[in-house]
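The structure under discussion appears below in the form of structure tokens.
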Amino acid sequence: MLTPAKTYESEVADALILGDEWAVYADKAYEKRTRREALKARGVKDRIQHRRTRGQRELPHWQTVRNKLIGRIRSAVERTFSVLKRRYGFSPFSPSKPKTSSRLKQSLSQRSRESGNDEEGWFQSG
């Protein structure tokens, strides 16, 4: 899904959930009661981290522990994006997204050829 730069990710997050997912992992920015209820109605596990509400000094202990457990899973995914950004120059702040995207595809294709896995069309955008 492509959106303009001014569109906040959380605004389109619900459209990305198809209902065939086992669970949805997200940080505190995605927390909304309606989102949690929609996930429950679809039978999708809610793995969205909790945040404090106004007037709440700190999260209850169980929510703090839950956030840490979710964070461990999320860190593996975030680390993957970090490597892509560093290794292939893929950055959300790039002035030219198509150029960056084609550079990533070119690098992946080159690595595939070098490793002997060069199958025509193995990495194509759809």
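The values are calculated or read from the model by the stated rules, or taken from the named source; none is laboratory data. Quick caveat, the model's predicted, so the values are computed rather than measured. Neighbour counts are summed over all protein chains in view; Cβ atoms, including those assigned to glycine, are modelled from backbone coordinates with ideal geometry.
One table, with the values for the structure above:
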| read-out | value |
| --- | --- |
| Pairs where the first residue, in the stretch 12-24, is within 17 Å of LEU2 (Cα to Cα) and the second is surrounded by fewer than 10 Cβ atoms within 10 Å (Cβ to Cβ) and modelled with pLDDT under 85, C-beta under 9 Å, 6+ apart | VAL12/MET1; ALA15/MET1; LEU16/MET1 |
| Per-region count, the stretch 4-38, residues part of a loop (DSSP other than H, G, I, E, B) and surrounded by 11 or more Cβ atoms within 10 Å (Cβ to Cβ) | 6 |
| Filter pass, GLU21 being more than 24 Å from ARG72 (Cβ to Cβ) and outside the structural domain of LEU69 (by TED's automatic domain parsing) | no |
| Members of the stretch 44-83 found to be under 20 Å from the mean Cα position of the chain (by Cα) and in a loop (DSSP other than H, G, I, E, B), listed by number | VAL44, GLN49, HIS50, ARG51 |
| Residue in the stretch 1-49 that is farthest from LYS68 (Cα to Cα), counting only those that are in contact with a strand residue (DSSP E or B) (Cβ under 6 Å, 6 or more places away or on another chain) and of a type in the set (D, E, K, R) | ARG36 |
| Top-ranked residue of the stretch 55-86 - restricted to ones that are in contact (Cβ under 8 Å) with a residue 12 or more places away in the chain and either farther than 23 Å from ALA23 by Cα or out of contact with any strand residue (DSSP E or B) (no Cβ under 7 Å at 6 or more places or on another chain) (or both), ranked as surrounded by the fewest Cβ atoms within 10 Å (Cβ to Cβ) | VAL77 |
| Options GLN49, GLN56, GLN63: the member that is touching a helix residue (DSSP H, G or I) at 6+ places or on another chain (Cβ under 9 Å) and not hydrophobic (A, V, I, L, M, F, W, C) | GLN49 |
